[in-house]
1. Where does each of 105, 58, 145 land when they are ranked from fewest to most other beta-carbon atoms within 10 angstrom?
2. Take 85, 149 and order them by how many other Cβ atoms sit within 10 Å, fewest up front.
3. Please list, in chain and number order, the residues 5+ apart from residue 154 or on another chain whose amide H is under 5 Å from its amide H, with Hs placed from the backbone.
4. Could you please rank 115, 26, 99, placing first whichever residue has the fewest other Cβ atoms within 10 Å of its Cβ?
5. Please compute the length gained on full extension between residue 5 and residue 153, using 0.36 nm multiplied by the number of residues separating them and subtracting their Cα-Cα distance.
6. Taking 7 Å along the Cα-to-C-beta vector as the label spot, tell me the residue 92-residue 23 distance in nanometres, rounded to one decimal.
7. Quick query: amide H of residue 15 versus all other amide H atoms, modeled in the peptide plane; which residues come in under 5 Å with a sequence gap of 5 or more or a different chain?
8. Would you work out the Kirkwood radius for the stretch 83-159? I mean one over the mean of 1/r across all pairs of different Cα atoms, in Å.
Amino acid sequence: MAGNSRPLLEAILISNVGSEETKFRFRKGGLKNYENMQMVFAKGFGFKQINAFKGMNTDVLVNKYYHNAAKKGEPVTPHDQCCLKCLIKAHDFSQTDCFLFCISTHGFQKDGKSFVKFLDGPNTRNPKVNVNNIIDLFSDANCPTLAGKPRILIFDACRSDKKFPGNKDLSIFNLFNVYISCKCT
């Protein structure tokens, strides 16, 4: 960051809600989580969302996370729009001062590994993604223009399919409500 200019803060914000058309269990409040992400990170802290186009921010199909999850023979869109992995690899973060990745979705643990779920569709398979694979996307080796820059990764996902009694509107964003008026300087 040069002089007194504002830092360039960039983010990928995702909230999977689900619907009756997919096997992804509906997340009541999932859309509200996305609105809260935008309020806290984009409006509150000034992060510029780089995945603000349809199909890449809410109800993300697994083939929009990783286009190789699509069945063979499906048409391929331009490399920077076909999936989040390609968007991240194609994006130039050289002017970015800080990067944030935040996902709110279903998740689970199996054999000591954490997974998050994306939506499945008619042309997708295996809607789960290992959290370590997502973290690795932002490594210096895979994302060299982020080298030496702070990266914040937030995974708002259960680690079990068990239902828990109590407050049904639990969200990490309840914790951030106090900070909405904060600004990065």
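1. Details: 105 25, 58 18, 145 14.
The most exposed by this proxy come first: 145, 58, 105.
2. Working: 85 20, 149 16.
Final ranking by Cβ density, sparse to dense: 149, 85.
3. Hits under the 5 Å cutoff: 101, 102, 103.
4. Working: 115 19, 26 11, 99 24.
Ordered by Cβ neighbours within 10 Å, fewest first: 26, 115, 99.
5. 50.8 nm
6. The answer from the label model is 4.2 nm.
7. 58, 59, 104
8. Working: mean 1/r = 0.0732 Å⁻¹.
Its Kirkwood hydrodynamic radius stands at 13.7 Å.
Every read-out reported here was derived from the displayed coordinates using simple, explicitly stated rules and does not represent laboratory data. Because the structure is predicted, anything quoted here is derived from the model rather than measured. Heads up, the Cβs are rebuilt from the backbone with ideal geometry, glycines too, and the neighbour counts pull from every protein chain shown.
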